[in-house]
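Chemist: Just dropping this structure here.
The values are calculated or read from the model by the stated rules, or taken from the named source; none is laboratory data. Bear in mind that the values here come from a model prediction, so they are computed numbers and not experimental data. Because the Cβ atoms are built from the backbone with ideal geometry, glycine has one as well, and the counts that use them run over all protein chains shown. Keep in mind that these areas ignore ligands, DNA and RNA; they rest on the heavy atoms of the full protein, side chains included. Shrake-Rupley method; radii C 1.70, N 1.55, O 1.52, S 1.80 Å.
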There are 2 protein chains.
Amino acid sequence: MADGGHDGRMDVRNLEELLGRFSDQWSPKRIATVNDYEVKLAKVQGEFVWHDHPDTDELFLVISGKLTIQLRDGDVVLGPGELFVVPKGVEHCPRADDETAILLLEPAGTVNTGTAGGDRTAVVETLD
Amino acid sequence: MADGGHDGRMDVRNLEELLGRFSDQWSPKRIATVNDYEVKLAKVQGEFVWHDHPDTDELFLVISGKLTIQLRDGDVVLGPGELFVVPKGVEHCPRADDETAILLLEPAGTVNTGTAGGDRTAVVETLD
């Protein structure tokens, strides 16, 4: 952190430390904002729901574990240090056999379940 | 990668593998696009130039090494797995004693030297 004192937006965000601060799965936490885009961290395990985001691409970066992004024409498998962008409008369904930590990037206000909705829809909290 | 065959945008991007494909410093390489934002990788060492981006925030995530982002009121020091967002309009000057690999996120078309210009201004290549 800079010496001069800053508001929360000026803090260094340590991904490992932030991941240690929550345990709920499929519930992305906002950790940074870049203009009107949000960087989120999530822990995931099991299978999510098929959905798409008709108006935006969505970036997934795996921090630890293994994430399979099921697409209608095949699976994308990501390990640590691998990222993938699901294009807007492309149906996808993430799953992870073991708990997996991921970083997400998408415009503010993007809903995790896209147009599918349902009880997996999460309210995004901010990790200060 | 999905089985069905995709264009370049649908590829898995492995950060370590991509970093192994270039050696020039202070020359960000585009590795993914999220709507009108770009994800870039760069290797940096030494000191850059003081500059700002009056119209956009800029995200730095350190992959390896140590990055010091000098601000007018103090330094921000980032190690691996740490990220920081320089707010729009805030003057900054990155430096790294040893070679450091970083991931950048900013809107497409953002110039690395911001309003400072000069001979450190890089043309952004794409790593396919």
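Chemist: Given q = 0.09 Å⁻¹, what are the Debye log10 I(q)/I(0) values for the protein assembly as shown, with equal point scatterers placed on the Cα positions and solvent ignored?
Modeler: -0.38
Chemist: Here's something else I'd like to know. Net charge within 13 Å of A:VAL49 by Cβ-Cβ distance, Lys/Arg positive one each and Asp/Glu negative one each, not counting A:VAL49 itself?
Modeler: Value of the local net charge: -2.
Chemist: Compute log10 of I(q)/I(0) for region A:54-128 with the Debye formula, placing one identical point scatterer on every Cα and leaving out solvent, at q = 0.26 Å⁻¹, to two decimals.
Modeler: Per q value, in the given order, log10 I(q)/I(0) is -1.46.
Chemist: Please work out the Kirkwood hydrodynamic radius for region A:1-127, using every pair of different C-alpha atoms, and report it in angstroms with one decimal place.
Modeler: Computed over Cα pairs of region A:1-127, the Kirkwood hydrodynamic radius comes out at 15.0 Å.
Chemist: So, one more: Enter the mean number of other protein chain beta carbons within 10 Å of the beta carbon of each residue in B:81-93, as an integer.
Modeler: Other-chain Cβ atoms within 10 Å of each residue's Cβ, averaged: 5.
Chemist: Can you compute 3J(HN,Hα) from phi for each residue in region A:72-77, using the Karplus curve 6.51 cos²θ - 1.76 cosθ + 1.60 with θ = phi - 60°, rounded to whole Hz and x for Gly and Pro?
Modeler: 5, 10, x, 9, 10, 10
Chemist: Same structure, new question: If you count only protein heavy atoms with a 1.4 Å probe, what accessible area per residue comes out for chain B, rounded to a whole Å²? Intermediate values should be presented prior to the final figure.
Modeler: Details: 5400 Å² over 128 residues.
Solvent-accessible surface per residue comes out at 42 Å².
Chemist: Taking a ≥ b ≥ c as the square roots of the Cα gyration tensor eigenvalues, with a/c under 1.5 meaning rounded and otherwise prolate when a/b beats b/c, else oblate, which class fits region A:70-110?
Modeler: It is oblate, given that a/c is not under 1.5 and a/b is not larger than b/c.
Chemist: Roughly what would the spin-label model give for B:LYS66 and B:ALA108, points 7 Å off Cα along C-beta, in nm?
Modeler: Inter-label distance under the simple model: 3.8 nm.
Chemist: Follow-up question, since we're still on this one. Could you tell me the convex hull volume per residue, in Å³, taken over the Cα atoms of region A:22-87?
Modeler: 105 Å³
Chemist: Also, I was wondering about something else. Rounding to the nearest 20 debye, state how big the charge dipole of chain B is about its Cα centre with +1 on each Lys and Arg Cβ and -1 on each Asp and Glu Cβ.
Modeler: Numbers: 12 positive and 24 negative charges, 14 e Å.
Dipole size: approximately 60 debye.
Chemist: May I pose another question? Taking R0 as 30 Å, what FRET efficiency do you get between B:GLU99 and B:ARG30 from their Cβ-Cβ distance, rounded to the nearest 0.05?
Modeler: Taking R0 as 30 Å, the efficiency between B:GLU99 and B:ARG30 is 0.90.
Chemist: Chains B and A: what accessible area do they bury, summed, in square angstrom to the nearest 100, with a 1.4 Å probe?
Modeler: 3200 Å²
Chemist: Explain nothing, just compute: Karplus ³J(HN,Hα) = 6.51 cos²θ - 1.76 cosθ + 1.60, θ = phi - 60°, for every residue of region B:52-69 in order, whole Hz, x for Gly and Pro.
Modeler: 9, 10, x, 10, 7, 5, 9, 9, 10, 10, 7, 8, 8, x, 9, 10, 9, 9
Chemist: In nm to one decimal, list the spacings between the B:GLU125 label point and its equivalents in the other copies, with label points set 7 Å along Cα to Cβ, shortest first.
Modeler: Reported distances to equivalent positions: 4.5 nm.
Chemist: Let me ask something additional. Over region B:61-128, what relative contact order in percent results from Cα pairs under 8 Å that are six or more residues apart?
Modeler: Relative contact order here is 32 percent.
Chemist: What pairs from A:LYS43/B:LYS29; B:LYS29/B:LYS66; B:LYS40/B:LYS88; B:LYS40/B:LYS66; A:LYS29/B:LYS29; B:LYS43/B:LYS66 go past 21 Å between their alpha carbons?
Modeler: Over 21 Å apart, Cα to Cα: A:LYS43/B:LYS29; A:LYS29/B:LYS29.
Chemist: Using Cα-Cα distances under 8 Å and only pairs 6 or more residues apart, what relative contact order does chain B have, in percent?
Modeler: 31 percent.
Chemist: Applying the Karplus parametrisation 6.51 cos²θ - 1.76 cosθ + 1.60 with θ = phi - 60° to the phi angles of region B:23-40, what ³J(HN,Hα) value in whole Hz is obtained for each residue in order, glycine and proline being reported as x?
Modeler: Running phi through 6.51 cos²θ - 1.76 cosθ + 1.60 with θ = phi - 60° gives 10, 6, 9, 6, 9, x, 10, 6, 10, 6, 10, 10, 6, 9, 10, 10, 9, 10 Hz.
Chemist: How many percent of the accessible area of the protein assembly as shown is carbon or sulfur, using a 1.4 Å probe?
Modeler: 46 percent
Chemist: Given the rule -39500 (n - 2.57) for each run of at least 4 DSSP H residues, summed and divided by the residues of chain A, what is its mean residue ellipticity at 222 nm, to the nearest 500 deg cm²/dmol?
Modeler: Computed ellipticity for chain A at 222 nm equals -500 deg cm²/dmol.
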